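Taking it in order: structure first as structure tokens, then the write-up.
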Ligand SMILES: [Ca+2]
């Protein structure tokens, strides 16, 4: 392989690595836009997200009597009083790459008896998966959960929702998108090998 081809190979690898780690998933902590401290509203949609219609997805800012954020000062309640509520975001993905959505899932504080809610998470081309909240307690309990999907397109829609039937509602915060290590690591290893060969040939 001549130097020109190897340089092109190296650049291609760098471009692949850049695109594989640049998914612009944003506002997973629901901190934007900032609402008044101690209030909640279904009239504001968190930036970068879309809500189902009709929707009673509540954006809240601590201190709030019924829910507590796990990251920052704001979070959302998928308010089951409305029957069915969902929130979704569309973001760039690389076909064939596996991603993990991690999130903190709680339940509204104040349930008069132990209650456990469920939400579903879905992503384009991947089956829905259901997650249970902690059983309601006198503390701000939550579970950190992980949903994995393999991208089938250059953009993916991920949705978090519930279908009602609960007296108290699921609380969601701290949604983060990461690439599952294997493909990226292998790609980096391949690129490192190309670059090392290139450097060795130059020496
Ligand atoms: Ca937050």
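Values quoted throughout were computed directly from the atomic coordinates according to the rules given, and no laboratory measurement underlies them. Here the structure is a predicted model, which is why all the values come from computation and not from measurement. Positions of Cβ are generated from backbone atoms using ideal geometry, with glycine treated the same way; all protein chains shown enter the neighbour counts.
Pulled fully out, how much extra length does the chain show between residue 146 and residue 71, if you take 0.36 nm times their separation in residues and subtract their Cα-Cα distance?
Gain on stretching residue 146 to residue 71: 25.4 nm.
How large is the Kirkwood hydrodynamic radius of the stretch 25-178, in angstrom, based on all distinct alpha carbon pairs?
One decimal place: 15.4 Å for the Kirkwood radius.
What distance in nm separates the simple spin-label points at residue 62 and residue 116, each placed 7 Å from Cα in the Cβ direction?
2.6
Two-decimal Rg/Rh of the stretch 119-181 from alpha-carbon positions, Kirkwood Rh?
Radius of gyration relative to Kirkwood radius: 1.00.
Using a basic spin-label model with each label point 7 Å from the Cα along Cα→Cβ, how many nm lie between residue 100 and residue 50?
2.8
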